[in-house]
Every structure is written in structure tokens, then in C-alpha cells.
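One structure is given here, and the rest of the page talks about it.
The values are calculated or read from the model by the stated rules, or taken from the named source; none is laboratory data. Being a predicted model, the structure only gives us computed values, none of them experimental. Please note: Cβ atoms are built from the backbone with ideal geometry, for glycine as well, and neighbour counts cover all protein chains shown. In case anyone asks, the SASA skips ligands and DNA or RNA and just uses the protein heavy atoms, side chains included. Shrake-Rupley method; radii C 1.70, N 1.55, O 1.52, S 1.80 Å.
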Amino acid sequence: PYALLGQVLDELVEAGALSPDGRLGADVVCWAAVHGMSVLLQSGPLRGLAAGEREVVVEKLLTTVEQGITGSVG
């Protein structure tokens with residue numbers, strides 16, 4: 001899965017959706033964010049969230065990571 005993440009990020013650079021500077025270290029950032037969220041949801045303080053609440057926090061995480069690595073705001 002980690003190698004696949006690198007491939008996807010490389011493809012985003014090739015497509016112009018992610019700058020080469022934004023690509024540097026982005027795999028670690030993405031992996032850490034998703035891993036951290038999964039731990040919080042499975043065995044941490046967020047484990048009691050209802051499905052709808054989980055969806056909201058996961059969407060917020062993904063949006064924030066996307067904005068962080070692409071430099072976009074919105």
C-alpha cells in the first residue's frame with residue numbers, strides 16, 4: 001500500500017495536480033495522517049463516533065491533507 005501511495009503521488013505530479021516540491025515527503029504525511037486517524041477511530045478516543053460523525057472527520061482529514069500537499073485553500 002505504501003508503494004502504491006508513492007505511485008499515485010507521482011502520477012499527480014505528472015498530471016500537474018501536485019508540484020514536485022509538494023511531492024517531497026507527501027507520502028509520509030499522507031501515510032501518517034491516515035494511520036493516525038485509523039488508530040483514533042479503531043482504538044482511540046474517536047472509537048465511539050457514529051458512522052456519520054466518522055465520515056465528517058475522515059472527509060475533513062482528507063481535505064486538509066489535500067490542501068496541505070497541494071497548497072490549495074478552499
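Inside the stretch 1-22, residues that are in contact (Cβ under 8 Å) with a residue 24 or more places away in the chain, open to solvent by 40 Å² or more (accessible area, probe 1.4 Å) and not in a helix (DSSP H, G or I) make up a count of 2.
The set of residues in the stretch 23-70 being closer than 14 Å to L5 by Cα, open to solvent by less than 50 Å² (accessible area, probe 1.4 Å) and part of a helix (DSSP H, G or I) consists of R23, A26, D27, C30, A33, V65, I69.
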